[in-house]
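The values are calculated or read from the model by the stated rules, or taken from the named source; none is laboratory data. Just so it is clear, the model here is predicted, and its values are computed rather than measured. Because the Cβ atoms are built from the backbone with ideal geometry, glycine has one as well, and the counts that use them run over all protein chains shown.
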Amino acid sequence: MATLSLGNQTIFTQSGSDAPVMDANVNLSNTNIKSAFSSPDNSLSQDINLPIFACRAWVNFDGSIVTNINGEDVCQINGSGNILKVVRFGTGQFDIYFNVEMPDTNYVMIGSGFYGSGPGTYFGIIGIYNNANYSDSVKTNYIKIAQTGHDGSNTNGEGTHIAFFR
C-alpha cells in the first residue's frame, strides 16, 4: 500500500494497482494544486499548467444489430461507460441515453464508425441528427445522432465509437 501524506495528514492511499483514493477528511477548497500524474500504463500531460478534461461517457456499439425491447430497437453495445442504451429510430439514426445526465448541453461528441468488412470496409461520418432543431437533438439525458456512409446515405454501422467530453 502506498500513502501520500503532507505533515501528519494522509492525502491519498493506494493498494496494489487500484486507483488512488483521497482521504475523506482532505479539504481542497482553498488550494491550488498543480501536478502531473503518471503510472506505468497511463501518463498525463507533463505541462502542469494545461487543464485536463474528462470523458463523461463513451460507447462502442453495433447499429446493425438490434433487439426490440418495449417497442424500441435497442442496439448491441460492445463496451461503454455512462451509457444506458442506444436506440435506433431509423436507418443510421440513433438516440444515445446517458446513465448519469450531463450537467448541461454544452458537451462535445467525437466519434468514428465503419461498415462492411475486409477490403470493402468503409468509414462512416457521425454527427448530430439534423432533421430536428439542435435543442431537440442535444439533451442532458440523451443525444440524437446520425451516421452516414461514404456515399452520403444513412447507414447502420457495425462499429460505431463515440466519446462525450464536458
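Tabulated data for the structure shown
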quantity: Which listed residue, of LEU28, LEU44, LEU6, LEU50, is modelled with pLDDT under 75, in contact with a Phe, Trp or Tyr (Cβ under 6 Å, 6 or more places away or on another chain) and exposed (fewer than 14 other Cβ atoms within 10 Å of the Cβ); calculated: LEU44
quantity: Residue within the stretch 124-139 that is aromatic (Phe, Trp, Tyr) and modelled with pLDDT under 95 present; calculated: yes
quantity: Which listed residue, of THR121, THR105, is more than 14 Å from the chain's Cα centre (by Cα), surrounded by fewer than 17 Cβ atoms within 10 Å (Cβ to Cβ), at pLDDT 85 or above and farther than 21 Å from ASP73 by Cβ; calculated: THR105
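Here is a yes/no grid of residues against (1) closer than 19 Å to PHE53 by Cβ; (2) among the aliphatic types (A, V, I, L, M):
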site: ILE69; (1), (2): no, yes
site: TYR97; (1), (2): no, no
site: TYR129; (1), (2): no, no
site: SER137; (1), (2): no, no
site: PHE165; (1), (2): yes, no
